[in-house]
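What follows is a single structure, written as structure tokens, with notes after it.
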Amino acid sequence: MKPFLLSTYDIQGGAARAAYRLHQGFRQIGVDSHLFTQYRTSDDPYVISGRTKLQKTIAFLRPGIDGLPLGLYRHRQRDRYSLQWLPDGTIQSLRKQTPDIINLHWTGSGFVNIATLPQLAKTLKVPLVLTLHDMWAFTGGCHYSDGCDRYRQSC
């Protein structure tokens, strides 16, 4: 089996550390696991992210660009919302790697476009597992609702 775990970070933050621990556990039992990230800070050779200066620069700029439209919403908390509207190369990158299963962890900060999610399994013809580390996947953008339930009607 060749699982690919997707996480914005490899070892920064709780969700990233959880994804990384799962990745390490797979590797320890002989599973050919890879962790696909936007930001790589570990020296693990099975963590894949942009390697060229251009790719690293784009990764650095993505969170700020992804958040630009949020300037229209004055009453939101900036660090708790991800639009995920930027185009990404996730499908093309994973197609080259031929995963057997894809496990999404925290993919905020402009890493994976929301429209890419249903296309991953369909295009690559592999199961897609979503591990929920926050509420983003079902709120429309909020990582935590903080008691707001407007996502049930309109977000």
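The values are calculated or read from the model by the stated rules, or taken from the named source; none is laboratory data. Note that the coordinates shown come from a computational prediction; the quantities given were computed from them, not determined experimentally. Here the Cβ positions follow ideal geometry from the backbone for every residue, glycine too, while neighbour counts run over all protein chains shown. Please note that ligands, DNA and RNA were not included when accessible areas were found on the heavy atoms of the full protein model with its side chains. Shrake-Rupley method; radii C 1.70, N 1.55, O 1.52, S 1.80 Å.
Residues of the stretch 49-67 that are farther than 11 Å from residue 86 by Cα and either buried (at least 18 other Cβ atoms within 10 Å of the Cβ) or of a type in the set (S, T, N, Q) (or both): 49, 50, 52, 55, 57, 59. Within the stretch 1-48, being farther than 19 Å from residue 84 by Cα and among the polar types (S, T, N, Q) holds for 12, 24, 28, 33, 41, 42. For the stretch 84-101, a tally of residues being in contact (Cβ under 8 Å) with a residue 60 or more places away in the chain and either open to solvent by 60 Å² or more (accessible area, probe 1.4 Å) or over 22 Å from residue 140 (Cα atoms) (or both) returns 6. The residues on offer are 26, 36, and the sole one that is more than 14 Å from residue 104 (Cα to Cα), surrounded by 11 or more Cβ atoms within 10 Å (Cβ to Cβ) and out of contact with any His (no Cβ under 7 Å at 6 or more places or on another chain) is 26. Considering 128, 104, 124, the condition of being over 16 Å from the mean Cα position of the chain (by Cα), modelled with pLDDT of 85 or more and open to solvent by less than 80 Å² (accessible area, probe 1.4 Å) is satisfied by 124 alone. With respect to the conditions (1) in contact with a helix residue (DSSP H, G or I) (Cβ under 8 Å, 6 or more places away or on another chain); (2) open to solvent by less than 40 Å² (accessible area, probe 1.4 Å); (3) within 20 Å of residue 16 (Cβ to Cβ), residue 144 lacks only one, and its number is (2).
Within the stretch 68-83, track down each residue that is touching an Asp or Glu at 6+ places or on another chain (Cβ under 9 Å) and either open to solvent by 60 Å² or more (accessible area, probe 1.4 Å) or at pLDDT 85 or above (or both). Matches in the stretch 68-83: 77, 80.
When residues in the stretch 112-155 are screened for being of a type in the set (Ser, Thr, Tyr), free of Cβ contacts under 8 Å to residues at least 24 places away in the same chain and part of a loop (DSSP other than H, G, I, E, B), 2 of them pass.
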